[in-house]
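Working notes, structure below.
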Amino acid sequence: MRLTHEQFRELASKHGLAVTHQRQVVYEAVIAVHGHHSPENIYAAVRRRVPSISLATVYNNLRLFIECGLLREVTPHASTLRVDGNLEPHHHLVCSRCKSVQDIEGEFIDFKRLSRQLPAGFDLSQPLVEVFGLCRRCRTKT
């Protein structure tokens, strides 16, 4: 999916971000292909359009997009950053071996009930379930 300059300008303005060409290209690279992307994957895609961009610029923009809510961080406790452009409520299946991540739709937890169980002062901002196991490819290698 490619955003027009005006569409990106509106989106960035709504989230208090300055509009730059590099920022727009990085954002478009994430939302263009459904999935859970590493900064290195995004960097490879963005370099085709902006050869002078650095990996640090890609990382910085991804972090900024996560902070302002334009992207979602996948498995924030993992050793490598992964981002998700799908902001619709969904959960993840994570392969314990190859670390692939797949979306799964559905309500698995009663979040109202969960919020009543939280410690005082804890704000449930982004309910997300991650289910770990082995993907089909890794399971057949066993």
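A short reminder: the numbers here are calculations on the coordinates, not readings from a lab. The structure displayed is predicted, hence computed values, not measured ones. Reconstructed Cβ throughout: ideal geometry from the backbone, glycine too, with neighbour counts over all protein chains shown.
Structure notes:
- Karplus-derived HN-Hα couplings along segment 17-27 (A = 6.51, B = -1.76, C = 1.60, θ = phi - 60°), whole Hz, x at Gly and Pro: 9, 6, 8, 10, 4, 4, 4, 5, 5, 5, 4
- Fewest-first ranking of 99, 141, using other Cβ atoms within 10 Å as the exposure measure: 141, 99
- Note on the chain: dipole from Cβ charges, positive end direction compared against 62, 38, 16; the farthest Cα belongs to 38.
- Cα-based helix-to-principal-axis angle, 55-67 vs the chain, degrees rounded to 10: 60
- For segment 88-141, the square roots of the Cα gyration tensor eigenvalues, ordered a ≥ b ≥ c, give a/c of at least 1.5 with a/b greater than b/c, which places it in the prolate category.
- Dipole in debye (nearest 20) - the chain, about Cα centre, beta carbon charges: Lys, Arg +1; Asp, Glu -1: 560
- Overall form of segment 75-119 per C-alpha gyration tensor (a/c, 1.5; a/b vs b/c): prolate
- Applying the criteria of a DSSP loop state and at most 12 other Cβ atoms within 10 Å to the chymotrypsin sites (Phe, Trp or Tyr not before Pro) of segment 30-130 yields 108, 122.
- In plain terms, the chain is cut at each of the GluC sites (Glu not before Pro) found in a DSSP loop with at most 10 other Cβ atoms within 10 Å, and the longest leftover piece is 1-104.
- Report summary: the helix-based calculation at 222 nm, which adds -39500 (n - 2.57) for every DSSP H run with n ≥ 4 and divides by the residues of the chain, gives -11500 deg cm²/dmol.
- Shape call, the chain: gyration tensor on alpha carbons, a/c limit 1.5: oblate
- Cα-centre dipole for segment 88-141 with unit charges at Cβ (Lys and Arg positive, Asp and Glu negative), debye to 20: 500
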